[in-house]
Amino acid sequence: MAEQDRIDYESLRPTTSETRFFEPWSYCFMWISSVVIIAWWLMGTSAVPPVGPLNWQQAVVAAIIAHVIMAVGISFMGHAGLFHGIPYPIQSRTAFGYIGAKIPNILRAAPAICWFGIESWLGALAFHGGIRVVTGVDLGFGGTLVIFLIFQAVQTVLTMRGIKLLKTVVSYIAIYLLPMWIFIAYRIFREVGFGAAEVWAFPGTWGLPFWFIVTAFLGIFTTAMLNASDYTRYYPKGEMKSNFWMNILGIIPVGVALVIIGLLAGAGTGIYDPIEVMIQKFPEMGWLIPLLLFIAFAQWGSNISLNIVPPANVIMDMSEKISWKWAVIITGILGTLTFPWWLASAKIFMWFMVVYSAFLGPVYGIMVCDYYIIWKKRLRIESLYDLSHPDVKYDNGWNMAGIIALAIGSAASFIIPGISWFIGAPVGGLAYYILVKAWYQKKYPNIGELEGA
C-alpha cells in the first residue's frame, strides 16, 4: 500500500481525497517557505538607488501591487487543481492541444530550472562567505562551484523521495525561517537605520520604470501563478475560500516584508549583494552557523516547491516512460547547467525576469480565458488523458487558436518589454477568445461544450 500511495501522489492523474495531503496551514507554510528567499532581498535592493530607479515609497507600493497580483493570480489558476485534481501540464491541454501544450509547458519549466540554479548559487556564495569568515581562506570560484554542486545534489535527492516533501519538509522550514528573517531585519536596522538621507529623498518615478519594477517583482512568481494547480490539487477539495486566504497570508505579508529588508540594506550599506551584507553584519561566530542554515533552508524550500516539482511534472508529461525520480534527476542536471553565476549578475538579473514574463504572461491570459470563459470551469476530465479525444486532439494534437494567441501575446509583450506581463496576459487572453469564437469553435464545436462535462 505504501508503494501504491507513493505512485498515486506523484502521478499526473487527478488526485483523490486520500492523496490530498495539505491542510490549510501546512499549505500556507509552504508558500511562506517558498517566498522566504534571498531573491526578494535582491529585488528590494535593486529597486532603489544606487541600482534602481525608485524611491522607497514607490518600491514598497510596487512590491505590494506585485504580491497582490501573485496571490490572486495563484487563486484563479489554482481552481482547476482544487476542484478537478489535475496538474498544470494536463490543464494546459484544452487551450493548446495535447502536443501544442508542450510549448507553454516548456516555457514554464525553463525559467524554473534557471531559478533552481540561481537559488542554489546564492546559497553557495553564502556558505563560501561563511567559510572565508571562519578560516580566512578564500576558496575562490572553484570552491563556490563545489558547494553549489553539493546543494544541487542534496535538493535533487530530497525531492526524489516524493511529492509529499512539500508538506513534511518544505512547509515546516518556515518555522525556522520566519524568526530568522525578523532577527536579520532588526540587526540591519540597528546597524544602518533607514540608510542615507539622499537615498530616501530620491524623487524616483511613478512612470514606466515603476511598472518595470512591478513586472520584475512579478517575474519571480509568474511561474508559480501558471502551475498553481500543481499545489492546489493536494488541497482539500472545493475549499476555495480558505485556499484564497492561505494564498494571501502565505505570500503577501512575508514577501513585502522581505523586499523592505532589501530596501533597508541597500539604502544603508550601498551594497547590492545580499550575501555580502549578511556576512558583514553578522561576523560573530555564534551567529554564523544559524545564518548559514537559514540561507540553505531558504533556498532549498523555494527550490523544491517552485523550481523542481513543476519542471518535473512537465518532464513526466513529455513521455510516459519518465518516472518521477528520473524527472527530478533531469531537472537537477539541467538546473546545474544554467550558469547561474552569470544569470544572477546585477546587470541582467532584472531583464532576465522581465523577458521570460513576456512569454508567460500570454500563457496565463490564454489559460484563464480558456478555463473560465470558454469551458466555464467545467471539464471532461477523462478526455484530457485520452489523446484521441476531440477535447485535446484538435489538429493532430494542436489547438491552433491557443498557439496563435500565444504568438500574438508574446509579440505584443515586446512592444514595451519593461511591462511585458501586463501587456501579454490581456492581449493573449483576448486573442484566444476572438480566435475561438470566430474560428476554432466553428471548426471544433466540442470546444466549451458543457453537455456531459
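The values are calculated or read from the model by the stated rules, or taken from the named source; none is laboratory data. Note that the coordinates shown come from a computational prediction; the quantities given were computed from them, not determined experimentally. When we count neighbours, we look across all protein chains shown, and the Cβ atoms used for this are built from the backbone with ideal geometry, even at glycine.
Every residue, every condition in (1) modelled with pLDDT under 90; (2) within 23 Å of residue 424 (Cβ to Cβ), yes or no:
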residue: 305; (1), (2): yes, no
residue: 316; (1), (2): no, no
residue: 329; (1), (2): no, no
residue: 347; (1), (2): yes, no
residue: 354; (1), (2): yes, yes
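Within the stretch 226-266, can you find the residues that are of a type outside the set (A, V, I, L, M), crowded, with 22+ Cβ neighbours inside 10 Å and in a loop (DSSP other than H, G, I, E, B)? Even if it seems obvious, please write down each step before you answer.
If we filter the stretch 226-266 for residues that are of a type outside the set (A, V, I, L, M), which is where we start, we get 227, 229-239, 241-245, 247, 250, 253, 255, 262, 266.
In the following step, the residues that additionally are crowded, with 22+ Cβ neighbours inside 10 Å were identified as 227, 229-235, 243, 247, 250, 255, 262, 266.
The answer is 227, 233, 234, 235.
Condition (residue is among the aliphatic types (A, V, I, L, M), outside any helix (DSSP H, G or I), modelled with pLDDT of 90 or more and in contact with a Lys or Arg (Cβ under 9 Å, 6 or more places away or on another chain)) applied to the stretch 132-142: is it met by at least one residue? Please lay out each step first, then the result.
So the first thing to find is which residues in the stretch 132-142 are among the aliphatic types (A, V, I, L, M), and the list is 133-134, 137, 139.
Remaining after also requiring outside any helix (DSSP H, G or I): 137, 139.
Subset that is modelled with pLDDT of 90 or more: none.
No, the conditions are met nowhere in the stretch 132-142.
Just one of 92, 34, 26 is closer than 29 Å to residue 376 by Cβ and among the polar types (S, T, N, Q); which is it? So that I can check it myself, show each step before the final result.
Working: 34 fails: closer than 29 Å to residue 376 by Cβ; 26 fails: closer than 29 Å to residue 376 by Cβ.
So the residue among 92, 34, 26 that is closer than 29 Å to residue 376 by Cβ and among the polar types (S, T, N, Q) is 92.
Do we find a residue being buried (at least 24 other Cβ atoms within 10 Å of the Cβ) and part of a loop (DSSP other than H, G, I, E, B) anywhere in the stretch 54-64?
Taking the stretch 54-64 first, the residues buried (at least 24 other Cβ atoms within 10 Å of the Cβ) are 54, 59, 62-63.
Applying the additional criterion that residues be part of a loop (DSSP other than H, G, I, E, B) yields 54.
Within the stretch 54-64, one or more residues are buried (at least 24 other Cβ atoms within 10 Å of the Cβ) and part of a loop (DSSP other than H, G, I, E, B).
Suppose we filter 127, 29, 96 for residues that are touching a Lys or Arg at 6+ places or on another chain (Cβ under 9 Å) and closer than 18 Å to residue 299 by Cβ; which single one remains? Steps first, please.
Values: 127 fails: touching a Lys or Arg at 6+ places or on another chain (Cβ under 9 Å); 96 fails: closer than 18 Å to residue 299 by Cβ.
It is 29.
Can residue 215 be described as in contact (Cβ under 8 Å) with a residue 60 or more places away in the chain, outside any loop (DSSP other than H, G, I, E, B), more than 15 Å from residue 54 (Cβ to Cβ) and not aliphatic (A, V, I, L, M)? It would help to see each step written out before you state the result.
Values: in contact (Cβ under 8 Å) with a residue 60 or more places away in the chain: yes; outside any loop (DSSP other than H, G, I, E, B): yes; more than 15 Å from residue 54 (Cβ to Cβ): no; not aliphatic (A, V, I, L, M): yes.
The answer is no for residue 215.
Of all residues in the stretch 430-439 being surrounded by fewer than 20 Cβ atoms within 10 Å (Cβ to Cβ) and of a type in the set (Phe, Trp, Tyr), which is nearest to residue 367 (Cα to Cα)?
Restricting to residues being surrounded by fewer than 20 Cβ atoms within 10 Å (Cβ to Cβ) and of a type in the set (Phe, Trp, Tyr), the top hit is 433.
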